[in-house]
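Following: one structure in structure tokens, then a few remarks.
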Amino acid sequence: MDIQSHLNKDYDTSHPFRVVAPYEPMGDQPEAIASLAEGVKSGQWAQVLLGATGTGKTFTMAKVIEAVQKPTLVIAHNKTLAAQLCSEFKAFFPDNEVAYFVSYYDYYQPEAYIASTDTYIEKDASINDEIDKLRHSATMSLFERRDVIIVASVSCIYGLGDPEDYSELVVSLRLGQEKSQEEILHKLVDIQYTRNDVSLERGTFRVHGDTIEVFPAAFDNSVIRIEMFGDEIDRLTEVDVLTGEVIAERKHVAIYPASHYVTTKDKMERALGTIRKELDERLRELKDG
């Protein structure tokens, strides 16, 4: 899918990729950079950069990204190496978006059955909320900018659902837009936000009179405040979640789904119909047997 076609033009703050470093390519690096960049532009599906630890491979790859000027996915062996690379790329590209996308499980125990002892082990998992936020931030960046480098662990190869569904389900709100409060709340629930009027956390929203406050899944310390006047959006602001201080006035906000695994109602209804059909067939099979 062409991510460019899904860019939100109101938010696009892209800059050309530009490496900032106190040194220039030396030795074999200029030749390697030119060769790798030409290989990408000519459509080569695989290239290998050889070099021992400490020879400047990360800097070389940063210069390749600068030469190619395309959104880039960097895959590392594990979370620790990915975090190190993310930090280095952030230093090389201070004007561009460098995001971190790794598995959000701190602990994962798959479902299991041990026949010898007739023991059933239930599936168990612990999700890291901070990493989940960074994953949502990385995804949001891809829809809103071109100058994005995603540094990921191998977990990025697993499917996240349909990008077109994810994009279609974004709740887009504009100043002065005619939209009832009930309609906005229904849309938030559809994209897996939950109402919590007591404690506002990521992926939740609360309602006080004509005001809705939403804590987007990709945000860190701020929420979106939507103030209604009847069925019209009267004011949009980004507010500090702790102090309530207004950070910025907005003319438009895009609230992305609270989960990567969202889907449209049509697909959900089709899936439920198929499940019911298979259930009926299996029940008849079991009863007849």
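The values are calculated or read from the model by the stated rules, or taken from the named source; none is laboratory data. What you are looking at is a predicted structure, and each value in this text was computed from that prediction instead of being measured. We place every Cβ from the backbone using ideal geometry, glycine too, and count neighbours over all the protein chains shown. Side chains included, ligands, DNA and RNA excluded: accessible areas come from the protein's heavy atoms. Shrake-Rupley method; radii C 1.70, N 1.55, O 1.52, S 1.80 Å.
Some points to look at:
- Unmet criterion (only one of (1) open to solvent by 50 Å² or more (accessible area, probe 1.4 Å); (2) under 22 Å from Ser180 (Cβ atoms); (3) in contact with a strand residue (DSSP E or B) (Cβ under 6 Å, 6 or more places away or on another chain)) for Val253: (1)
- Pairs meeting the criteria (first residue in region 117-133 and more than 23 Å from Ser155 (Cβ to Cβ), second residue of a type outside the set (Lys, Arg), beta carbons under 6 Å, at least 6 apart or on different chains) are Tyr120/Tyr113.
- Within region 231-243, residues that are free of Cβ contacts under 8 Å to residues at least 60 places away in the same chain and under 9 Å from Asn221 (Cα atoms) reach partners that are of a type in the set (Lys, Arg) and surrounded by 12 or more Cβ atoms within 10 Å (Cβ to Cβ) with beta carbons closer than 9 Å, at six or more positions or on different chains, in the pairs Val239/Arg225.
- Residues within region 173-191 that are touching a residue at least 12 places away in the same chain (Cβ under 8 Å) and either of a type in the set (A, V, I, L, M) or open to solvent by 90 Å² or more (accessible area, probe 1.4 Å) (or both), tallied: 8
- Qualifying position, being within 21 Å of Arg145 (Cβ to Cβ) and of a type in the set (Lys, Arg), among Lys90, Lys79: Lys90
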